[in-house]
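Report on the following structure.
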Amino acid sequence: MNEKQPNNPLHGITLEKVLTDLAERYGWDGLAQRININCFKSNPSIKSSLKFLRKTPWARDKVESLYISTFVPPSPWGNRKSSGTKTVIPEVE
């Protein structure tokens, strides 16, 4: 399980750190505005939110996406993936 994941911006970052950093940046009200889930609205805490996010993949995906868009700088090369097709440039005579 000690594999390298160079293309995973969340590699080595725990869900608790993700949630803590976002709560510090936006506050619970700000998180509830950005991601509409009850664990951020009704008596929010790190512990209860972690429990919910670990059991709910769609909510965890939204939280991780917000973390990436907030804290991970964009790649200078972009996120382009090769489509496997070549662009043919006609020769000029």
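The values are calculated or read from the model by the stated rules, or taken from the named source; none is laboratory data. None of the values given here were measured: they were computed from a predicted structure. Here the Cβ positions follow ideal geometry from the backbone for every residue, glycine too, while neighbour counts run over all protein chains shown.
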From the list ARG34, ARG60, which residue is closer than 25 Å to PRO6 by Cβ and either surrounded by 12 or more Cβ atoms within 10 Å (Cβ to Cβ) or modelled with pLDDT of 95 or more (or both)?
ARG60
Among the numbered criteria (1) free of Cβ contacts under 8 Å to residues at least 12 places away in the same chain; (2) over 28 Å from TRP77 (Cβ atoms); (3) part of a helix (DSSP H, G or I), which single criterion is violated by ALA23?
(1)
Run down THR85, THR70 and say which single residue is modelled with pLDDT of 90 or more, of a type in the set (Val, Ile, Thr) and at negative phi.
THR70
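Any residue at all in segment 31-51 that is under 28 Å from TRP77 (Cα atoms) and part of a helix (DSSP H, G or I)?
Among the residues of segment 31-51, at least one is under 28 Å from TRP77 (Cα atoms) and part of a helix (DSSP H, G or I), which makes the answer yes.
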Output the qualifying pairs, or none if there are none: Cβ atoms under 9 angstrom, residues six or more apart or on different chains, first residue in segment 26-40 and charged (D, E, K, R), second residue assigned to a helix (DSSP H, G or I) and surrounded by 17 or more Cβ atoms within 10 Å (Cβ to Cβ).
ASP29/PHE40; ARG34/LEU22; ARG34/TYR26; ARG34/PHE40; ARG34/LEU66
